[in-house]
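Report on one structure; see the data block that follows.
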Amino acid sequence: MDVFQLILPICGCVRRQSRAGASSLVLGIETSCDDTGAAVLDLNGNILGESLHSQKEVHLKTGGIIPTVAQQLHREHIERVVNEALALSGVSPQQLSAVATTVKPGLALSLGIGLEFSRRFVTQHRKPFIPIHHMEAHALTARMTEQVEFPFLVLLISGGHALLAVARGVDDFLLLGQSLDEAPGDAMDKVARRLSLTKHPLCSPLSGGQALELLAQSGDRTSFSFTTPMGQSLDCNFSFAGLRNQVSLVIEKKEEEEGVAPGSLLSCVNDLAASVQHTVACHLAKRTHRAVVSGGVASNQYIRKALSLITEREGLRLLCPPPKLCTDNGIMIQSVCINPLTDIVLSLLHVDPVLFLRAPLGSDLTAEVRAAAIKVPPVKMRIT
Ligand code: KG4
Ligand code: ZN
């Protein structure tokens with residue numbers, strides 16, 4: 001974990017120099033989960049102004065995201081966040097070429113606030129609207145900071161997803177594998193909750209994944225030995241629920257041994273964090289060969305090192321966006337738009353009233369990948 005992430009303010013904003021010659025300016029809006037993000041970018045990917053309001057602290061207190069609470073917080077902050085991004089960019093609504101907003105997947109109540117705001121904004125200012133797929137935006141984030149040509153392989157690991165896909169174009173993906181149960185961020189958040197890490201003096205403002213990464217730095221990963229999931233499956237899918245189960249059993253045993261009530265801070269918490277993180281990193285690395293990584297969990301430096309073992313061995317390039325661009329934000333939304341504005345769709349701004357809007361990424365090739373049963377040579381996971 002780098003220091004920058006630790007001191008990342010709850011409400012952050014940045015002003016960047018406006019560059020001459022940037023003709024197409026896009027306002028990006030992201031409200032799919034628990035971050036209200038907005039940013040103004042030109043089509044070269046230059047960030048002219050951005051603003052982000054994170055709800056993390058509120059949800060940490062309640063032990064998870066309550067959709068109605070998330071919705072209310074988006075409602076309270078969206079106007080300020082958008083105005084701040086515009087003001088910092090020095091771009092007026094009239095100067096914008098389009099508004100790009102996450103439409104799926106995500107929490108319907110959260111998405112609804114971004115969509116409703118965008119609908120009013122584009123109607124008032126008569127701007128085209130670009131609907132954005134949240135996972136496509138994560139998948140393309142690396143292209144905002146690196147020169148990456150299509151096609152490339154994406155490992156997308158976040159609080160909601162674990163998937164491997166070939167990105168063939170801005171909206172053309174082949175899905176090779178995905179989590180069969182929960183996402184790595186979700187699993188780490190649940191482990192952190194089970195360990196009551198919000199009570200830990202160093203971890204109270206951190207997400208579960210961030211807390212585990214921090215504690216793991218002073219832990220011994222060999223103290224506990226967890227089985228790396230899906231060792232026998234020759235496909236590109238992932239699984240984290242079984243690992244979480246293994247961890248829960250160990251926590252129960254340790255609580256008994258230490259004679260403390262469930263949910264107390266264990267003395268071996270650093271070692272547990274290191275062992276869990278190591279197993280997650282090994283699982284991700286073992287199922288990945290060529291990777292461009294994004295999503296909140298991708299900001300984990302240990303997981304990046306594990307993946308670099310694979311890419312170094314295979315003579316491939318591992319590209320990871322800066323941690324700040326990995327977690328949800330208004331800038332990533334425009335990674336989808338860094339191409340000429342010829343494909344703008346003025347779509348209906350409507351969200352079905354389901355709790356979580358699902359939207360698969362690209363064409364599903366997971367069955368074909370499983371049938372191919374590709375054997376991978378073993379790699380020693382000496383992550384330093
Ligand atoms: O991409 P994101 O902001 O939201 C989703 O689209 O899910 O990812 C949030 C997730 C949370 O589960 C959080 O615990 C995890 O990313 N996360 C991390 C780290 N930073 C955030 N997991 C592991 N290590 C980190 N440094
Ligand atoms: Zn996300």
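The values are calculated or read from the model by the stated rules, or taken from the named source; none is laboratory data. What you see is a predicted model, and the numbers here were worked out from it, not measured in a lab. No Cβ is skipped: glycine too gets one built from the backbone with ideal geometry, and neighbour counts run over all protein chains shown. Just so you know, the surface numbers come from the protein's heavy atoms only, side chains and all, with ligands and any DNA or RNA stripped out. Shrake-Rupley method; radii C 1.70, N 1.55, O 1.52, S 1.80 Å.
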Would you please give the residues with an amide H less than 5 Å from that of Arg168, counting only those at least 5 places away or on a separate chain, with H modeled from the backbone geometry? Phe173, Leu174
Taking only protein heavy atoms and a 1.4 Å probe, the highest-to-lowest accessible-area order of Glu136, Glu368 is Glu368, Glu136
Roughly how many Å² is the accessible area per residue of the range 180-315, as a whole number, for a 1.4 Å probe? 40
Once the convex hull of the alpha carbons of the range 180-315 is built, what does its volume come to per residue, in cubic angstrom? 104
Computed for the range 180-315: size of charge dipole around the Cα centre, +1 on C-beta of each Lys and Arg, -1 on C-beta of each Asp and Glu, debye to nearest 20, value 320
How about Lys253: which lysines have a C-alpha closer than 21 Å to its C-alpha, ignoring those fewer than 8 places off in the same chain? Lys190, Lys199
With all protein chains present, calculate the accessible area of Ser223 using a 1.4 Å probe and round the result to the nearest 10 Å². 50
Rounded, prolate or oblate: pick one for the range 93-201, where a ≥ b ≥ c are the square roots of the eigenvalues of its C-alpha gyration tensor, a/c under 1.5 means rounded, and failing that, prolate if a/b is larger than b/c, else oblate. oblate
Heads up, I need the accessible area for Lys56: 1.4 angstrom probe, whole protein in place, Å², nearest 10. 50
Given +1 on the Cβ of Lys and Arg, -1 on the Cβ of Asp and Glu, and no further charges, what dipole in debye does the range 12-147 carry about its Cα centre, rounded to the nearest 20? 280
Using a 1.4 angstrom probe on heavy atoms only, work out the carbon and sulfur share of the accessible area of the chain in %. 53
With a 1.4 Å probe and all protein chains kept in place, how much accessible area does Thr62 have, in Å² rounded to the nearest 10? 80
Would you work out which of Gly231, Cys320, Ser196 lies farthest towards the positive end of the dipole of the chain, given +1 charges on the beta-carbon of Lys and Arg and -1 on that of Asp and Glu, about the Cα centre? Cys320
Unit-weight point scatterers at every alpha-carbon of the chain, Debye formula, q = 0.14 1/Å: log10 I(q)/I(0) is -1.21
Using r as the Cβ-Cβ distance of Glu368 and Ser218, and R0 as 45 Å, what FRET efficiency do you calculate, to the nearest 0.05? 0.55
Reachable aspartates and glutamates, given that their alpha-carbon falls under 12 Å from the alpha-carbon of Lys375 and they are not under 8 places away in the same chain: Asp235
Could you give the size of the charge dipole of the chain about its Cα centre, using +1 on the Cβ of each K and R and -1 on the Cβ of each D and E, expressed in debye and rounded to the nearest 20? 440
Past the 23 Å Cα-Cα mark, which pairs from Lys61/Lys305; Lys104/Lys305; Lys104/Lys324; Lys127/Lys324? Lys61/Lys305; Lys104/Lys305; Lys127/Lys324
Total charge of the residues flanking Gln94 in space, meaning their Cβ is under 10 Å from its Cβ, with Lys and Arg +1 and Asp and Glu -1, is +2
